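Comments concern the structure below.
The values are calculated or read from the model by the stated rules, or taken from the named source; none is laboratory data. What you see is a predicted model; the values in this text were computed from it and never measured. We place every Cβ from the backbone using ideal geometry, glycine too, and count neighbours over all the protein chains shown.
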Amino acid sequence: MSAKLPYLDRREAGRILAKYLKEHFEKPKTIVLGLARGGIPVASEIAGALKLPLDVFVVRKLGVPGHEELAMGAIASGGIQVINPEVASSLSDSNTALRNAIKQEQVILEQREQLYREGHPLIAGLRDRTIILVDDGLATGTTMSVAVQAMRRLGVERCVVAVPVGSFEACEKVGREADQVICVAKPRFFYGVGQFYEDFSQTSDEEVRTLLGEARHREDTWRS
């Protein structure tokens with residue numbers, strides 16, 4: 001697969017990515033989950049084009065104290081915890097470090113879920129459904145890997161990962177865990193997701209809330 005790069009912005013990337021997912025158009029028991037925050041504008045375009053429900057999925061990395069860029073695990077929506085045993089076991093007091101990190105990140109995760117959903121629960125009954133997990137790109141694939149593992153624990157029937165761009169290594173890594181990976185572009189020289197967008201400004205909490213609200217309204221219209 002290939003695409004003309006860079007994308008204008010995340011929404012254009014979502015419209016292009018949706019063309020690679022046509023087999024899921026109005027498919028029963030299929031849900032689009034965007035990873036907060038940058039995955040939501042991409043996922044919103046896909047959900048709209050395919051006439052599918054949209055929801056947000058929040059993943060928070062558990063960074064090693066003093067070296068937060070190194071993940072000893074992660075937590076995600078639905079009460080999911082994934083621990084990286086290799087990193088955690090290398091710490092002198094891993095239990096304390098994990099406990100403190102989980103406590104801190106759980107607060108942020110709950111705040112974001114409350115902010116984004118405005119009282120609406122995570123779409124119920126993910127079990128036995130097809131989930132399309134969407135982000136704006138895959139650099140290392142770590143966050144998406146956690147999201148896929150979370151889907152497995154939640155009992156989904158099929159997990160499809162869809163991204164506009166990704167490194168070859170990250171797509172290969174996630175491909176070993178997901179049922180399918182749709183990556184429109186895998187550039188040979190990959191330094192970061194942002195290099196493949198003209199506008200890669202940070203997605204705001206307000207934009208996430210607006211897009212989710214629009215999706216709920218859109219879904220109500222389809223059902224009426």
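Applying the criterion of being under 16 Å from the mean Cα position of the chain (by Cα) and not basic (Lys, Arg) to the residues of segment 56-72, the residue that is farthest from Ile102 (Cα to Cα) is Val56. Scan segment 214-222 and tell me whether some residue there is of a type in the set (A, V, I, L, M, F, W, C), in a loop (DSSP other than H, G, I, E, B) and either at positive phi or crowded, with 20+ Cβ neighbours inside 10 Å (or both). There is no residue in segment 214-222 that is of a type in the set (A, V, I, L, M, F, W, C), in a loop (DSSP other than H, G, I, E, B) and either at positive phi or crowded, with 20+ Cβ neighbours inside 10 Å (or both). The set of residues in segment 147-184 that are small (Gly, Ala, Ser) and either in contact with a Cys (Cβ under 7 Å, 6 or more places away or on another chain) or buried (at least 21 other Cβ atoms within 10 Å of the Cβ) (or both) comprises Ala147, Ala150, Ala162, Gly166, Ser167, Ala170, Ala178. In the set (1) modelled with pLDDT of 90 or more; (2) more than 30 Å from Pro6 (Cα to Cα); (3) of a type in the set (S, T, N, Q), the condition left unmet by Ser77 is number (1). Just one residue in the set Lys29, Lys61 is out of contact with any helix residue (DSSP H, G or I) (no Cβ under 9 Å at 6 or more places or on another chain), in contact (Cβ under 8 Å) with a residue 24 or more places away in the chain and surrounded by fewer than 24 Cβ atoms within 10 Å (Cβ to Cβ); that residue is Lys29. Modelled with pLDDT of 95 or more and among the basic types (Lys, Arg): does that describe Arg11? So Arg11 passes the test. Looking at segment 172-191, is at least one residue part of a helix (DSSP H, G or I) and of a type in the set (D, E, K, R)? There is at least one residue in segment 172-191 that is part of a helix (DSSP H, G or I) and of a type in the set (D, E, K, R). Against the numbered list (1) at pLDDT 95 or above; (2) surrounded by 23 or more Cβ atoms within 10 Å (Cβ to Cβ), Met72 comes up short only at (1).
The helices (runs of 4 or more DSSP H) found wholly in segment 30-136 and carrying at least 2 residues that are in the same structural domain as Ala185 (by TED's automatic domain parsing) and within 30 Å of Ala185 (Cβ to Cβ) occupy 39-50.
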